[in-house]
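Novice: So that we are looking at the same thing, I have put the structure below in structure tokens.
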Amino acid sequence: MEALQQQEAHKRITKTNLLKRVVFIALGAALVATGLEIFLVPNQIIDGGIVGISIILSHLTHWKLGLFLIVLNIPFFFFGYKQIGKTFALSTLFGVLVMSIGTAVLHPVPVLTDDPLLAAVFGGIILGVGVGMVIRYGGSLDGTEVMAILFNAKTPFSVGEVVMFFNIFILGSAGFVFGWDRAMYSLIAYYIAFKVIDITLDGFDQSKSVWIISDEHTRIGEALLARLGRGVTYLNGEGAYSRDEKKVIFTVITRLEEAKLKNIVDDIDPTAFLAVGNIHDVKGGRFKKKNIH
């Protein structure tokens, strides 16, 4: 039985999914190379993480950017293999190679703008889309988060805090190398890229989970089905203080449907408890939207 479970857990990826992963990781890495060589690097604007360190070292040594991108990420391929798995490590290696080759190919291409603000904005957007695409399909272009996972196991800091400290140090270093105005433009580019990565991962049609506790759970559930076309699930709950049994309604909606859902609940039971939260992905189940009659 255990051998069967292990075989199931390590089932090979299908050729279609493998091709899809390769194409989108390559496309994402190419976009990152474009953002770097066409916008950021020529304007002396850096990104965070290993990419930022590579830009600084390339500027100081006059060696190729792609060389540092590969060399500095090598240790994290091995750490990523041990911490996350073989598929992640190979996907990361492939993405970094494409990104590095892309920076070499695009290096002779003339910069599109000499305005550092435009370069920071559009470079950050392109970078964010590329990085988000690579992450979404199981890879990474920067060893910072892998390093943060290692530090997290040995220090009281969270992964997010380690990444933040590391990037503050790198962006601060840009001030000594390129000047403090470029460091501030780098901060703008980093912030924009960070936000665009979230959008790329979550999608514009972001899903939301909804939890409703009400004595009118049946009416609310039927109304959500009829007026929103959303399936609902009734969960059994119990009040910690009153010990009363409660029915909890759970459903998934898009952010465009949030206002209508709140109106539906308020019309039926203004005193109902309502909690709405963002979720990154929805798959399977019976929460697919039905036609509204």
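The values are calculated or read from the model by the stated rules, or taken from the named source; none is laboratory data. Computed from a predicted structure; not experimentally measured. Quick reminder, even Gly has a Cβ in these numbers, built from the backbone with ideal geometry, and neighbours come from all protein chains shown. For accessibility, only protein heavy atoms count, side chains too; no ligands or nucleic acids. Shrake-Rupley method; radii C 1.70, N 1.55, O 1.52, S 1.80 Å.
Novice: Please state which of the following conditions Ala33 fails to meet, knowing it meets all the rest: (1) more than 25 Å from Val177 (Cα to Cα); (2) in contact with a Ser or Thr (Cβ under 9 Å, 6 or more places away or on another chain); (3) at pLDDT 95 or above.
Specialist: Just one mismatch for Ala33, condition (1).
Conditions (1) surrounded by 13 or more Cβ atoms within 10 Å (Cβ to Cβ); (2) farther than 29 Å from Ile188 by Cβ, marked per residue:
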residue: Thr87; (1), (2): yes, yes
residue: Ser91; (1), (2): yes, yes
residue: Gly95; (1), (2): yes, no
residue: Pro108; (1), (2): no, no
residue: Val111; (1), (2): yes, no
residue: Asp114; (1), (2): no, no
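Novice: When only residues in region 162-197 that are open to solvent by less than 60 Å² (accessible area, probe 1.4 Å) and farther than 26 Å from Thr61 by Cα count, which is modelled with the lowest pLDDT?
Specialist: Checked region 162-197; the qualifying residue modelled with the lowest pLDDT is Val162.
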